[in-house]
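Structure, as structure tokens:
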Protein chains: 2
Amino acid sequence: MTELDAVLFANEAFYRAFADRDAGAMAEVWADDLPLSCIHPGWGLLEGRDEVLQSWEAILGNPDSPAIGCLAAKAHLRGEMAYVHCFEEIDGNYLIATNIFVHEGKRWRLVHHQAGPTAEDPPLETKDEGGLIN
Amino acid sequence: MTELDAVLFANEAFYRAFADRDAGAMAEVWADDLPLSCIHPGWGLLEGRDEVLQSWEAILGNPDSPAIGCLAAKAHLRGEMAYVHCFEEIDGNYLIATNIFVHEGKRWRLVHHQAGPTAEDPPLETKDEGGLIN
């Protein structure tokens, strides 16, 4: 697995935890010992592991939360930091997101997430992609 | 100037170019030879230097574009990639943004920007901050 594949794998793990409403898996996705921040659609800034994970527990614990999928993820990395932009499909509507990962221990861990509304659909070519920034 | 100060300086240069409606300065802020992407509030994904800078030329060239300011910027960096989250003040309303920078040549250059709506005001403590991710 290339490092870019590993970043896309970490991004997939984030959306799998989201789709499965698995708060334990979500806690694994986010970094343990790095500064964390999260911007849910329309929300303000959440900071710190406790505040960020509590927001996810509330979202994942809500039985009315809609299903979610990730489309057209593209990763870019330089050294031990990487980012992914992708579309999120929620009940046939789309959001657009930025996810930032940092290498912590031997894994890519999420440190920042921002999702917001988008007026556009994802591109028809939705295969995940990535590029090294050298 | 520390590297974190340099990242915050690059972030300020972005908002200064925006506030001054200076397309030339905006073109200097964005990286020359790296993959670029930009998500304006509510828009889809723009990719590549041409597409991204054309969008900025349209925004900066619009005489009805509102004034903009940047508040509560906080930077995090690991090696040669860094990100800033901040609030944007536009006509008394706020957006919230993620800006990602990569070291290109001897400068921090913008490679990705996402801004979206937020229901919250920025924190009263609006001094710029930053932290090394080690």
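Read-outs: derived from the displayed coordinates by stated rules, not from any lab. The structure presented is a predicted model; accordingly, all values stated were derived computationally and were not measured. Quick reminder, even Gly has a Cβ in these numbers, built from the backbone with ideal geometry, and neighbours come from all protein chains shown.
Looking at A:Ala119, A:Ala82, just one residue is among the hydrophobic types (A, V, I, L, M, F, W, C), surrounded by 20 or more Cβ atoms within 10 Å (Cβ to Cβ) and within 12 Å of another protein chain (Cβ to nearest Cβ), and that residue is A:Ala82. Does B:Arg49 satisfy the condition of being surrounded by fewer than 19 Cβ atoms within 10 Å (Cβ to Cβ) and charged (D, E, K, R)? So B:Arg49 passes the test. The residues in the stretch B:96-116 that are surrounded by fewer than 18 Cβ atoms within 10 Å (Cβ to Cβ) and either in contact with a helix residue (DSSP H, G or I) (Cβ under 6 Å, 6 or more places away or on another chain) or not basic (Lys, Arg) (or both) can be counted, and the count is 1. Taken over the stretch A:10-42, the criterion of being over 23 Å from B:Ala82 (Cβ atoms) and aromatic (Phe, Trp, Tyr) is satisfied by A:Tyr15, A:Phe18.
Out of curiosity, is B:Ala72 touching a Pro at 6+ places or on another chain (Cβ under 8 Å), touching a residue at least 24 places away in the same chain (Cβ under 8 Å), of a type in the set (Gly, Ala, Ser) and within 23 Å of A:Gly48 (Cβ to Cβ)? I'd like the intermediate steps shown before the answer.
Working: touching a Pro at 6+ places or on another chain (Cβ under 8 Å): yes; touching a residue at least 24 places away in the same chain (Cβ under 8 Å): yes; of a type in the set (Gly, Ala, Ser): yes; within 23 Å of A:Gly48 (Cβ to Cβ): yes.
Here the answer is yes, as B:Ala72 does meet what is asked.
Total residues in the stretch B:34-63 satisfying the condition of being within 14 Å of chain A (Cβ to nearest Cβ), of a type in the set (A, V, I, L, M) and under 14 Å from the mean Cα position of the chain (by Cα): the figure is 3. When A:Ala27 is tested against (1) crowded, with 18+ Cβ neighbours inside 10 Å; (2) free of Cβ contacts under 8 Å to residues at least 40 places away in the same chain, only condition (1) is not met. Filtering the stretch A:42-64 for residues that are over 22 Å from B:Ala75 (Cβ atoms), out of contact with any helix residue (DSSP H, G or I) (no Cβ under 9 Å at 6 or more places or on another chain) and among the hydrophobic types (A, V, I, L, M, F, W, C) leaves a non-empty set.
A:His76 - would you say it is surrounded by 23 or more Cβ atoms within 10 Å (Cβ to Cβ) and either within 10 Å of chain B (Cβ to nearest Cβ) or charged (D, E, K, R) (or both)? Working first, answer last.
Working: surrounded by 23 or more Cβ atoms within 10 Å (Cβ to Cβ): yes; either within 10 Å of chain B (Cβ to nearest Cβ) or charged (D, E, K, R) (or both): yes.
Judged against the criteria, A:His76 is a match.
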